[in-house]
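**Q** To start, I am sharing the structure in question, which I have written as structure tokens.
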Amino acid sequence: MAFVLRAAQRGVRTLMSYRAWFSGLSPLRRLAFWAGCVLWVIWASWLRFAFSDAAIARWSQIEIAAFVLLGAIAGSIVVLEMVRVVLPRQWSDARHFIVLGIVGSAFFALQYTGLRLMLQSFSQ
């Protein structure tokens, strides 16, 4: 345990330094992190029903957009936090959430386009 504490004090990131990483988040980023975890659990449980018996082909456009939006937000939070762990830089919360919005928008556009193409192939 002493090794982990010394590593965290020196700024070395290990799998055991999660508490040091989490305590370094601002309250707003902690809230966003937990919201992302909750959104991911909702999305993952929804995913099982979406592709069972091609049920997603019968969903409305609003349900499809909400499904993709949940996945894109949750995925962008996870990806951005993983990148920030590997490349630790001091960003303000404003910059962090601007980058999060850009990554989330890109994920949404890619995932929604892919899902629409898949649904078009079902209708043919």
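**Q** Mind checking which pairs have a first residue in the range 87-106 that is among the charged types (D, E, K, R) and a second that is loosely packed, with under 13 Cβ neighbours inside 10 Å, Cβ under 9 Å, 6 or more apart or different chains?
**A** Asp93/Ser26; Asp93/Leu28
**Q** Further, regarding this structure: Quick one: which residue in Arg89, Arg95 is more than 21 Å from Val38 (Cα to Cα), surrounded by 11 or more Cβ atoms within 10 Å (Cβ to Cβ) and out of contact with any Lys or Arg (no Cβ under 9 Å at 6 or more places or on another chain)?
**A** Arg95
**Q** For the range 52-69, give me each residue that is assigned to a helix (DSSP H, G or I), modelled with pLDDT of 80 or more and either in contact with a Pro (Cβ under 7 Å, 6 or more places away or on another chain) or surrounded by 12 or more Cβ atoms within 10 Å (Cβ to Cβ) (or both).
**A** Correct list: Glu63, Ile64, Ala65, Ala66, Phe67, Val68, Leu69.
**Q** Also, quick follow-up: Looking at Phe49, is it more than 18 Å from the chain's Cα centre (by Cα) and either surrounded by fewer than 17 Cβ atoms within 10 Å (Cβ to Cβ) or aromatic (Phe, Trp, Tyr) (or both)?
**A** yes
**Q** Return the total of residues in the range 1-46 being part of a helix (DSSP H, G or I), at pLDDT 65 or above and among the hydroxyl-bearing types (Ser, Thr, Tyr).
**A** Total satisfying the criteria: 2.
The values are calculated or read from the model by the stated rules, or taken from the named source; none is laboratory data. Small disclaimer: the values here were computed from a predicted structure and weren't measured. Cβ: placed from backbone, ideal geometry, glycine included. Neighbour counts: every protein chain shown.
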